[in-house]
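Taken together, the values in this text are just the output of simple stated rules run on the coordinates, not laboratory data. As the structure is a prediction and not an experimental result, all values here were calculated from the model. Positions of Cβ are backbone-derived with ideal geometry, glycine not excepted, and every protein chain shown enters the neighbour counts.
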Amino acid sequence: MEQVENKEKTLQVYAQQLTKELEDTFDCHPFALGGIVESHYIQREGFALALILLLTKKYIHTGNRTLIDKFLAQVKGYIGQSMEVLGENTVANIMSQFKEIKKNIN
């Protein structure tokens, strides 16, 4: 039971990080963008969508589009899937790749 709770907390933390990043990137409030900027939505079905939105803005302003294209080609297969279904390891791996991409395109 404790392991399940820890997994849920870890996924919730990732969803909260993405929510905060969406708020900062788009200078908006929680529940903006039609409710996408909300950690529960991100955790339930908006994980891939949040990543796509965040990288789309960077895509416009970077010369390194190939890196983003490769990542988004992988992530688009997760559209509509919950973070729980994807699993903690997959989500952690995707978040690690996401952070690395941001580091390399800023």
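A few comments on the model shown:
- ³J(HN,Hα), Karplus 6.51/-1.76/1.60, whole Hz, each residue of segment 81-98, x for Gly, Pro: 8, 6, 4, 5, 5, 5, x, 4, 5, 5, 4, 4, 5, 4, 5, 5, 4, 4
- Short-range pairs are left out: with C-alpha atoms under 8 Å and at least six residues apart, the relative contact order of the chain is 28 percent.
- Förster-model FRET efficiency, 25 Å R0, T90 and D69, C-beta, rounded to 0.05: 0.80
- Three-way shape call for segment 2-105 based on the alpha-carbon gyration tensor, with the a/c threshold at 1.5: oblate
- Where only DSSP H runs of four or more residues are counted, the chain gives -22500 deg cm²/dmol as its mean residue ellipticity at 222 nm, each run worth -39500 (n - 2.57).
- Under 16 Å of direct C-alpha separation, and excluding same-chain neighbours fewer than eight residues apart, K70 reaches these aspartates and glutamates: E100.
- Since only H61, N93, V37 are under comparison, the one whose Cα sits farthest along the positive direction of the charge dipole of the chain, derived from C-beta charges on Lys, Arg, Asp and Glu, is H61.
- Size of charge dipole - the chain - debye, nearest 20, with Cβ of Lys, Arg +1 and Asp, Glu -1, no other charges: 500
- The slack in the chain from T56 to K76, taken as 0.36 nm per residue of separation less the alpha-carbon distance, amounts to 5.9 nm.
- Crossing angle, helix 2-26 versus the chain [Cα axis fit, 0-90 degrees, rounded to tens]: 30
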